[in-house]
Amino acid sequence: MDRTQFVETLKAKIDEWNAEIDKLEARMRQESAKQSAEYEKRMEEMRAQRDRAAEELRRHRDESEAEWEKRRVEAERAWDDIREGFRRAWERVTT
């Protein structure tokens, strides 16, 4: 995947995660205090992963193609870790 594709994919996923977080916030407002506290904890995990992805996006959007090629494998590995962290947090909230 080239840098442009990576940045576009990352941006789309961040937008998707923002929508998921918004849905959970709406659901949380309808739940009991105990459940709301659990939702809030998981949403904080998801926000942290989203913020980490946004930082990756900023970093890679501004780098040259040569810089991208040097760090591509590292960036893709980091992206996989971020995506997995968000997935785990999402599963804990929705199950």
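Bear in mind these aren't lab numbers, they're just calculated from the coordinates by the rules spelled out. Keep in mind that this is a model prediction, so the values were computed, not measured. Heads up, the Cβs are rebuilt from the backbone with ideal geometry, glycines too, and the neighbour counts pull from every protein chain shown.
For ARG87, the shell of other residues with beta-carbons less than 15 Å away shows a net charge of +1, using +1 for Lys and Arg and -1 for Asp and Glu. Of the residues ILE82, ILE14, the one with the fewest other Cβ atoms within 10 Å heads the list, and the complete ranking is ILE14, ILE82. Dipole orientation for segment 2-95: of the candidates GLN5, SER32, ALA54, SER32 has the Cα lying most toward the positive pole (charges on Cβ; Lys, Arg +1; Asp, Glu -1).
Return the label of the correct value of Rg and Dmax of the Cα atoms in Å, as calculated from the structure shown, out of (1) 17.7, 53; (2) 15.3, 52; (3) 31.6, 108. Here the calculated entry is (2). Mean residue ellipticity, 222 nm, helices only, the chain: the sum of -39500 (n - 2.57) across DSSP H runs of n ≥ 4, divided by residue count and rounded to 500, is -32500 deg cm²/dmol.
The charge dipole of the chain, taken about its Cα centre with unit charges on the Cβ atoms of Lys, Arg (+1), Asp and Glu (-1) only, comes to about 320 debye. Full extension of the segment from ARG77 to ARG47, taken as 0.36 nm per residue of separation minus the current Cα-Cα distance, would add 8.9 nm.
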